[in-house]
Each structure stands twice: as C-alpha cells, then as structure tokens.
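**Student:** Before I ask anything, let me first share the structure, which is written out below as structure tokens.
The values are calculated or read from the model by the stated rules, or taken from the named source; none is laboratory data. Quantities reported herein were computed from a predicted structural model and do not represent experimental measurements. For neighbour counting, all protein chains shown are included, and Cβ atoms are generated from backbone atoms with ideal geometry for every residue, glycine included. Please note that ligands, DNA and RNA were not included when accessible areas were found on the heavy atoms of the full protein model with its side chains. Shrake-Rupley method; radii C 1.70, N 1.55, O 1.52, S 1.80 Å.
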Amino acid sequence: MTGQQAELQQIMTALSERGLTVEAVEDGALVQDGESRVALFVEADHRGGVIVRLHLDLDLYVEEDSLPEILMGMNLLNQGMDYGALSLDPVDPDDLEEDQEVAFAVLGRSVLWLRDLNAGELDRLREHLRRFEGEVTEAVERTLHGSKGLSA
C-alpha cells in the first residue's frame with residue numbers, strides 16, 4: 001500500500017467512525033451524508049500533509065449556447081461561497097445520449113489542506129465536508145427555485 005492509499009484509508013476510516021457512509025472507488029472515496037454523495041480524492045502535498053479534493057456532482061448540465069449566461073451566474077454564486085465553488089466540467093461525448101447536445105456538467109468543488117491526519121484535522125475535514133455540501137446545495141437550490149432561476 002502506497003502512502004497515498006494509506007492516507008486515504010485513514011481518512012475513510014475516520015469519516016466512517018464519525019457517522020458517514022464511506023465507499024472506496026477507483027482512485028478515491030465516495031462519502032454519503034443523507035442524500036448527497038461527495039467524491040473525495042487525496043494527494044500528498046510537497047509542503048507536508050495532504051491535499052483533499054472534494055467533488056459534488058449536481059446532476060445539472062449546461063448546453064453550449066447557454067455558457068455565457070451560466071458563467072456569469074456561477075461567478076456571482078462563487079463570490080458568496082466560503083467552503084466550495086461551482087465549476088463546469090466537460091461531459092465526455094460518449095456519455096451523452098444520441099439526442100443530447102449537452103456540453104458541460106456543473107460540479108461543486110473544494111480543496112482542503114490537512115497538516116497531518118490527527119483527530120483534530122480529521123474533525124476539521126468532517127466539518128468542511130458538511131459545510132461544503134450544505135453551501136453548494138443551498139446555493140444551487142436558491143438559484144433554481146428563486147425568482148430568476150438558472151437556465152440549465
């Protein structure tokens with residue numbers, strides 16, 4: 001087991017012990033808390049410690065001709081977010097259905113640096129995960145169900 005795999009396993013164990021459902025995937029883990037599933041990836045940092053990257057798939061897709069408006073809206077949303085950001089990820093054309101003209105998926109993303117994997121830092125990760133998921137979900141729901149809505 002490499003150092004990175006050992007660190008990922010330690011994080012997964014700690015999150016499980018803190019009441020989250022954690023499942024190993026190819027190169028990371030899926031963390032579930034309620035309805036949301038956050039993908040978690042770990043890499044060593046050259047300064048020491050580990051970098052944890054979080055991805056929250058929102059199941060929102062943007063057509064290419066809507067990109068200018070969506071980018072402006074996402075820029076405004078990101079200004080009010082403390083624990084994450086919304087970004088666009090190109091959708092693999094092979095994953096699209098024949099009649100779909102979707103170009104990008106909307107994802108919530110966050111990066112957290114942990115000095116080490118002691119209990120205090122792992123509690124900080126757990127709290128960051130909770131706030132990240134809540135903040136991204138709230139921002140998107142508020143936008144989708146608000147008076148102006150999101151053209152996705």
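**Student:** Loop-only GluC sites (Glu not before Pro) in the stretch 34-136, please: DSSP not H, G, I, E or B, and at most 13 other Cβ atoms within 10 Å.
**Tutor:** Glu35, Glu97, Glu98, Glu101
**Student:** Could you work out how much longer the chain between Leu67 and Gln79 gets when fully extended? Use 0.36 nm per residue separation minus the Cα distance between them, nm to one decimal.
**Tutor:** That pair, Leu67 and Gln79, stretches by 2.5 nm at full extension.
**Student:** Heavy atoms only, probe 1.4 Å: what % of the accessible area of the stretch 3-145 goes to carbon and sulfur, would you let me know?
**Tutor:** Values: 3920 of 8440 Å².
Here carbon and sulfur together make up 46 percent of the probe-accessible area.
**Student:** Here's another thing I want to ask about it. Rounded if a/c is under 1.5, else prolate if a/b is larger than b/c, else oblate: which is the chain, with a ≥ b ≥ c the root eigenvalues of its Cα gyration tensor?
**Tutor:** Values: a/c = 2.16, a/b = 1.72, b/c = 1.26.
Note, shape of the chain comes out prolate.
**Student:** With the other protein chains left in place, how much accessible area per residue, in square angstrom, belongs to the stretch 3-145 at a 1.4 angstrom probe?
**Tutor:** Computed with neighbouring chains in place, this is 59 Å² per residue.
**Student:** Solvent-accessible area of Phe41, probe 1.4 Å, all protein chains present, reported in Å² to the nearest ten, please.
**Tutor:** Accessible surface of Phe41 is approximately 50 Å².
**Student:** Listed highest first by mean packing, meaning other Cβ atoms within 10 Å per residue, what order do 112-118, 75-81, 7-13 come in?
**Tutor:** 7-13, 112-118, 75-81
**Student:** Whole-Hz Karplus ³J(HN,Hα) for the stretch 103-120, in order, using 6.51 cos²θ - 1.76 cosθ + 1.60 and θ = phi - 60°, x for Gly and Pro?
**Tutor:** 10, 9, 9, 8, 10, x, 9, 8, 10, 10, 9, 10, 4, 7, 10, 6, 4, x
**Student:** How would Thr143, Thr21 rank on accessible area, largest to smallest, probe 1.4 Å? Show your work: numbers first, answer last.
**Tutor:** Details: Thr143 30, Thr21 90 Å².
Ranking Thr143, Thr21 by accessible area, largest first, yields Thr21, Thr143.
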